[in-house]
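See structure below.
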Amino acid sequence: MGRSGGHGHGYGHGYGHGRRGVLRAGCSLAAGLLVLTGCTSGGTPRGGADGSARPSAPAAPSPSGTAGTGTTGAGGSPAPLVPELDEQRQPRNRAEARALLDRIVIDQDVFGPDVQRSAPFESDPGSWPVLGRDCVWRTEGLPPDVLATSTRQFHVPAADGRGRVRIHATVTVHRTREESGWETAHAMEEVLRCPNQVLRAGEELKGLWGASLYRGEQLNGWSEDAFSESGTWVGEGSGGPGQYRWSQGQFGPVTVAVAGRGPAGFAEDALVALVVQGTGRMMYRAGQALGKGPR
């Protein structure tokens with residue numbers, strides 16, 4: 001899920017509180033992007049953006065800006081995928097947060113030639129989706145802890161008798177690392193509270209489950225805190241029950257997320273590949289912008 005006009009399911013999580021330890025998934029699933037990929041034993045998803053068999057991005061970004069397991073440092077040890085946060089680089093006001101956000105957001109070229117911009121392309125930067133007690137998504141103003149947020153909408157055009165594939169990529173800049181952590185915690189709470197959710201009239205997510213793991217738990221080596229979510233999407237253009245996938249990562253005060261909704265007939269692994277590629281690239285950019293070291 002996510003936030004701001006397209007976060008999360010393409011609409012997003014709301015904002016709230018709860019005891020973080022209670023909200024975390026005590027799961028045996030692999031963490032973060034590795035939960036999401038459904039990989040073969042070699043780590044490569046079985047389908048590309050067009051449903052064909054071709055490699056997609058592995059689970060985490062490398063220092064080159066592409067996905068991978070990290071470069072090899074001195075003594076043959078892999079370089080850390082998550083750099084140390086440089087607190088001096090954290091934004092102090094909305095203008096600085098917007099400038100940071102602009103360094104992290106992605107365009108359609110990140111996903112490959114099959115993906116195009118949708119219309120509208122960008123969400124209202126002053127809006128924030130909130131999941132009501134009735135499990136229906138609504139839009140409100142930004143909560144006090146959010147300095148800036150942006151959601152961009154993309155799609156793979158309808159073809160071969162199936163509908164469009166919908167992709168939403170979101171970046172949110174909070175005031176502090178603690179506040180961005182609460183966003184991930186609340187994402188987990190929403191899944192537990194509402195496994196079935198209404199995005200809008202006639203469009204729903206069903207059977208949602210999620211996993212949230214800190215860095216170092218299970219296989220999460222790509223994010224300070226990782227959240228992934230899966231379920232079924234039903235709505236106009238879905239052609240019947242389709243796939244829904246969501247992945248979110250955190251670095252310092254920033255959260256990044258990609259949601260994908262694939263219609264019936266679109267390969268699950270192909271949808272996963274798109275979500276992995278977008279999330280990995282934005283996490284790498286967040287680390288470059290806020291991590292210690294040269295800019």
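Since every read-out is calculated from the coordinates, none of them should be taken as a lab result. Everything numeric in this text was worked out from a predicted model, so none of it was measured.
A cut-off of 5 Å between modelled amide H atoms, ignoring neighbours fewer than 5 places along the same chain, links residue 164 with 158.
Give the shape of the range 69-190 as rounded, prolate or oblate, defined through the alpha-carbon gyration tensor: a ≥ b ≥ c are the square roots of its eigenvalues, a/c under 1.5 means rounded, and otherwise the shape is prolate if a/b is larger than b/c and oblate if not. The partial results should precede the final answer.
Values: a/c = 1.77, a/b = 1.13, b/c = 1.56.
Note, shape of the range 69-190 comes out oblate.
What number does the range 138-295 give for Rg over Rh if you use C-alpha atoms and the Kirkwood radius? Mind dumping the intermediate values first?
Numbers: Rg = 16.0 Å, Rh = 16.4 Å.
On the Cα set of the range 138-295, Rg over Rh gives 0.98.
For the range 238-289, the spherically averaged projection of the C-alpha convex hull amounts to 3.4 nm².
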